[in-house]
Amino acid sequence: MVDISVHNLTKFFVIGENLLQGLSFDVQEGECVAILGRNGCGKTTLFRILTGELDYDEGEVYVNPNKRLGLISQIPVFPEGYTVEDVLRSAYAGLMKIQRDMISLEQSMQSGATAEQLRQYDALSNRFQAGGGYDMDVEVDKICNGLGITQEQRSQEFASLSGGEKTRVNLARLLLEKTDILLLDEPTNHLDLNSVEWLEQYINSFKGTVLAISHDRYFIDQVADRVIEITDGHAEFYSGNYSFYMDEKQARFDLQMKQYEQEQAKLKQLGFTVERMKGWGINNRTLYRRAMSIQHRMDRIRKTEKPKTEKTMKASFGEKDFSGDVVFKMKNVSKAFGDRTLFSDVNLNVEAGERIALLGDNGTGKSTFIKCLLGEEDCAGKIQFGPTVKWGYLPQIIHFDHPERSLYDTMLYEKNCTPQTARDRLGAFLFQGEDVFKSVGNLSGGEQSRLRLCMLMDEKINLLILDEPTNHLDIASREWVEAAIEEFEGVLLFVSHDRYFIEKFAERIWLLEDGTIRDFRCGYQKYRSILEHEKALAPVVKQPPKEKKEKPKGGTKDTDKLIRRLEREIEKQEAAISELDQKIEAAAADYQELTRLLGEKEEAEAVLMELMEQWEEAQT
């Protein structure tokens, strides 16, 4: 069954310049499809058309009307004072109304229940149970734990959150809504590594349909069944994940180039023959007719278009010679904000040529650690650099002192270079033509990162520090940054959630966790295997049972029906606990799954105890 169908879709914002031109594709039920393409090619516009937020000029768009569709990039406006918990619970609006009706009915039955009231309560209870009402708390906790939404954050007002935090909460809400078709626009941008891995597991077990716009190559590799690339407004199809897409795209390029070169050689040879025969046929009509016949044959040959090669930025870091072995030392370094300690007693040595990734969950203090290292934040302890070390730093949040200046003027004033040098350097980073006169403040996040890199790469440095260098960059730009870094022979220290980037460059990993930094002298894959081995050996910690919520009981009149209903629910709950016991035995070797199942069993046993108490009270 087709869930989404797009046929000859055309959309333009400027007349004569089509963003999408004859775009056509189908998405089958249950597929996970990655949408790729350069920034500005129309990916987000396509999603806005699919949701009905944006109209289109030509073509046909079909979205299965019987399926619920959700778009993660859209953040609804919630009433003033709504907390994160309220936003999450809005996913259960229907069930919450049933629950309110049940509570109202329970209160009215306290002084005595009629047969009609018991019938209504039984019907509401069955609807509440069938809709998963008794599992709401467990589901909310599971999604929040997976996406790193803390209990403290759940009590905050939604309006007070940052853009990234709102996006994460909205993603949680969509997942709780059990949406049938998920449109994910850069879903990993504001997630830490643990949350991204959890989201991958969720998508891989998701029964519905997923369309994901992402520049996270590792993520696409893990979840995508196939890839649709938007190029010049058209769709190119690849029946596999990102690795397959890369291999297949290169193979198609090589084949098209080979066909183009063969055709050009053949046309050149025939053209030479035609010109010769025309010259000979000035006084010979037979030769002239033969020449024209060959000319017509040349016109009929199908011309293969020359495959386009991507424009690439050609620049490299200006490197400074380094003498000595020690780049920097950290001794007993600590940093705290009030009662909260980000890290303490850090003792690390870095030597020439090392490439280090600083990893950790969001909010653990990675960016603060970098700022302490560079002297932008005060900290306890001692940090000592080698005498010939010169560092360059690309922060996560790009800031320019004069955002009103153009790119051209920014280069002239801040780099103190000649007009021609400014033009050449900007051109090397694909800022060409009228683009160089744009205001810096009007650039996108990716363009600002590119400009800051342009300014950074000219400097003579031997220590390069990058904080989320691939944020806001499309895949082509990420590959260019990686190519420039590969040529850099100095010390590299970077913070990143891009696992493709980490795996490519990290030869040593610092994990900032629980206020300490663990030093792993290995690459990313070995680091992951060490953590998985540690989790497998860790003992299961039993969580304390949650407080039971007292529920109002029904009256004493006509209680037989209430008792029978409670007995049915008790039997169902006992069966559910028995099934959980079997799953716990099967998951004995999987620490994460075991922890989850034990938590579910605790919740189920708490519900069973409450049902038993209600049954005993009804009996009396």
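Structural remarks
Yes/no matrix, rows are residues, columns are (1) charged (D, E, K, R); (2) touching a Ser or Thr at 6+ places or on another chain (Cβ under 9 Å):
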residue: Arg405; (1), (2): yes, yes
residue: Gln432; (1), (2): no, no
residue: Val436; (1), (2): no, yes
residue: Gly445; (1), (2): no, no
residue: Leu463; (1), (2): no, no
residue: Val491; (1), (2): no, no
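- A Cβ distance below 8 Å, combined with a sequence gap of six or more or placement on separate chains, defines the contacts here; from the range 174-195, residues that are more than 15 Å from Glu29 (Cβ to Cβ) reach residues that are in a helix (DSSP H, G or I) and of a type in the set (Val, Ile, Thr) in the pairs Leu175/Ile143; Leu176/Val140; Leu176/Ile143; Asp185/Thr44; Thr188/Val196; Asn189/Thr167; His190/Thr167.
- Selection within the range 86-115 - closer than 26 Å to Arg154 by Cβ, touching a residue at least 24 places away in the same chain (Cβ under 8 Å) and out of contact with any Phe, Trp or Tyr (no Cβ under 9 Å at 6 or more places or on another chain): Leu88, Arg89, Ala91, Tyr92, Gly94, Ile103
- Conditions (1) closer than 19 Å to Asp498 by Cα; (2) assigned to a helix (DSSP H, G or I); (3) open to solvent by less than 10 Å² (accessible area, probe 1.4 Å); (4) in contact with a Phe, Trp or Tyr (Cβ under 6 Å, 6 or more places away or on another chain); number of the one not met by Leu453: (4)
- For the range 345-373, filtered to residues that are among the charged types (D, E, K, R) and closer than 15 Å to Val495 by Cβ, the residue that is modelled with the highest pLDDT is Arg355.
- Residues (hydroxyl-bearing (Ser, Thr, Tyr) and free of Cβ contacts under 8 Å to residues at least 60 places away in the same chain) located in the range 196-221: Tyr202, Ser205
- Residue match in the range 435-442 (condition: assigned to a loop (DSSP other than H, G, I, E, B) and open to solvent by less than 10 Å² (accessible area, probe 1.4 Å)): no
- Annotation: Gln295 fulfils all but one of (1) open to solvent by 80 Å² or more (accessible area, probe 1.4 Å); (2) modelled with pLDDT under 80; (3) among the polar types (S, T, N, Q); the unmet one is (1).
- Some residue of the range 73-94 being more than 25 Å from Glu186 (Cα to Cα), out of contact with any Cys (no Cβ under 7 Å at 6 or more places or on another chain) and polar (S, T, N, Q): no
- Ser104 vs. criteria open to solvent by less than 50 Å² (accessible area, probe 1.4 Å), polar (S, T, N, Q) and in a helix (DSSP H, G or I): no
Residues checked against (1) in contact with an Asp or Glu (Cβ under 7 Å, 6 or more places away or on another chain); (2) surrounded by fewer than 15 Cβ atoms within 10 Å (Cβ to Cβ); (3) under 25 Å from Gly445 (Cβ atoms):
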| site | (1), (2), (3) |
| --- | --- |
| Val196 | no, no, yes |
| Ser205 | no, yes, no |
| Gly208 | yes, no, no |
| Asp216 | yes, no, yes |
| Asp232 | no, yes, yes |
| Glu236 | yes, no, no |
| Phe244 | no, no, no |
| Glu248 | no, no, no |
| Met257 | no, yes, no |
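- Hits in the range 485-524 - residues which are out of contact with any Asp or Glu (no Cβ under 7 Å at 6 or more places or on another chain), more than 13 Å from Leu466 (Cβ to Cβ) and in a strand (DSSP E or B): Ile509, Leu511, Leu512, Glu513, Thr516, Ile517, Arg518, Asp519, Phe520
- Only one of Asn204, Asn241 that is among the polar types (S, T, N, Q) and touching a Cys at 6+ places or on another chain (Cβ under 9 Å): Asn204
Residue-wise test of (1) part of a loop (DSSP other than H, G, I, E, B); (2) at pLDDT 90 or above; (3) open to solvent by less than 30 Å² (accessible area, probe 1.4 Å).
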| residue | (1), (2), (3) |
| --- | --- |
| Lys142 | no, no, no |
| Lys166 | no, no, no |
| Leu171 | no, no, yes |
| Leu175 | no, no, yes |
| Leu184 | no, yes, yes |
| Asn189 | yes, no, no |
| Gln222 | no, yes, no |
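- Some residue of the range 571-579 being out of contact with any helix residue (DSSP H, G or I) (no Cβ under 9 Å at 6 or more places or on another chain), over 23 Å from Val138 (Cα atoms) and modelled with pLDDT of 80 or more: no
- Sub-8 Å Cβ pairs linking a first residue in the range 492-505 that is farther than 18 Å from Pro187 by Cβ to a second residue that is hydroxyl-bearing (Ser, Thr, Tyr), at least 6 apart or interchain, are Val495/Ser367; Ile502/Ser496; Ile502/Tyr524; Glu503/Tyr218; Glu503/Tyr524, ordered by first then second residue.
The values are calculated or read from the model by the stated rules, or taken from the named source; none is laboratory data. Owing to the predicted nature of the structure, the values given are computational and were not obtained by experimental measurement. Note: ideal-geometry Cβ built from the backbone for every residue, glycine included; neighbour counts use all protein chains shown. These area figures cover heavy atoms from the full protein model, side chains too; ligands, DNA and RNA do not enter into them. Shrake-Rupley method; radii C 1.70, N 1.55, O 1.52, S 1.80 Å.
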